[in-house]
Amino acid sequence: MSEILDLAAQLHHPPEHVAMLYCAELTRLARMAVVADYLPVLTAKRVRSLLRSGHGG
């Protein structure tokens, strides 16, 4: 949860919006992950990218 709050603060988005996007991306990435250890890092990177590009809804 702190990862979501950190992302929300860094990117100036509501935590609820970031949490929804984070959960969706985590689920998507987990389906194809070979090594689950890096999922939080990869998910945060993807969410950050989506929100910065304006594709995060």
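Can you tell me which residue in region 43-57 is nearest to E3 (Cα to Cα), limited to those that are open to solvent by 90 Å² or more (accessible area, probe 1.4 Å) and without any contact (Cβ under 8 Å) to a residue 24 or more places away in the chain? If you could, list the steps in order and put the result at the bottom.
Kept after step one, since they are open to solvent by 90 Å² or more (accessible area, probe 1.4 Å), are these residues of region 43-57: 45-46, 52, 55, 57.
Now restrict to residues that are without any contact (Cβ under 8 Å) to a residue 24 or more places away in the chain: 45-46, 55.
On the way: K45: 11, R46: 13, H55: 20 Å.
Among residues in region 43-57 that are open to solvent by 90 Å² or more (accessible area, probe 1.4 Å) and without any contact (Cβ under 8 Å) to a residue 24 or more places away in the chain, the one nearest to E3 (Cα to Cα) is K45.
Name the single residue that is least open to solvent (accessible area, probe 1.4 Å) among those in region 13-36 being assigned to a helix (DSSP H, G or I) and modelled with pLDDT under 95.
Top of the filtered list is A36.
Which residues, taken from region 19-42, are free of Cβ contacts under 8 Å to residues at least 24 places away in the same chain and among the acidic types (D, E)?
D37
Are any residues in region 15-42 aliphatic (A, V, I, L, M), closer than 14 Å to I4 by Cα and more than 9 Å from the chain's Cα centre (by Cα), and if so, which ones?
Result: L39, single match.
The values are calculated or read from the model by the stated rules, or taken from the named source; none is laboratory data. Please read these numbers as outputs of a predicted model, since none were measured by experiment. Positions of Cβ are generated from backbone atoms using ideal geometry, with glycine treated the same way; all protein chains shown enter the neighbour counts. Accessible surface is based on the protein model in full, side chains and every heavy atom, while ligands, DNA and RNA are left aside. Shrake-Rupley method; radii C 1.70, N 1.55, O 1.52, S 1.80 Å.
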